[in-house]
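The values are calculated or read from the model by the stated rules, or taken from the named source; none is laboratory data. None of the values given here were measured: they were computed from a predicted structure. Please note: Cβ atoms are built from the backbone with ideal geometry, for glycine as well, and neighbour counts cover all protein chains shown.
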Amino acid sequence: MENRANRIRASRAALDREASQLVITWSDGSESRFGLKQLRRDCPCAGCQELRQHPPAPAPGELVLLDGRAAAATGEAVRLEPVGRYGLRIVWGDGHDHGIYTFANLRQFDPGVAG
Ligand SMILES: [Zn+2]
């Protein structure tokens, strides 16, 4: 059985700054919206994955402080950059830009789209 979702491509990606959303228009004309804060939290780069899986543990008796990177984490996106034909990079307000969001994953995450 063929997976229909694999044949659908993103035809347009844009930032809706007012709604703080990433808007993807697919080749079938449908549209998906993703909250930027959620995307930032789910940043797929190796560094953020590591941080999510193994949050730095404070030494006993030590005050828990967010490190600079976590404290500066923001849902504000500066711009989008295409990555090949398969995904895009989001440059965040704090300068973080390591995560590549593939269209296949975005399409999968969108609860509004049936695969
Ligand atoms: Zn990241």
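For TRP26, the conditions (1) surrounded by 15 or more Cβ atoms within 10 Å (Cβ to Cβ); (2) within 16 Å of the ligand (Cβ to nearest atom) all hold with the exception of (2).
Taken as a whole, the structure leaves GLY84 outside the set of residues that are farther than 21 Å from ILE8 by Cα and modelled with pLDDT under 95.
Let me confirm something: among GLU62, GLU18, GLU50, which residue is within 16 Å of the ligand (Cβ to nearest atom) and either of a type in the set (Ser, Thr, Tyr) or over 18 Å from LEU88 (Cα atoms) (or both)? None of the other options fit; the residue is GLU50.
Summed over the stretch 84-104, the residues that are within 10 Å of the ligand (Cβ to nearest atom), exposed (fewer than 15 other Cβ atoms within 10 Å of the Cβ) and of a type in the set (D, E, K, R) give a count of 0. Cβ separations smaller than 7 Å between residues 6+ apart or across chains give the following pairs from the stretch 40-55 residues that are closer than 13 Å to ASP97 by Cα and assigned to a helix (DSSP H, G or I) to residues that are modelled with pLDDT of 90 or more and within 9 Å of the ligand (Cβ to nearest atom): ARG40/TRP92; GLY47/HIS98; CYS48/GLY99.
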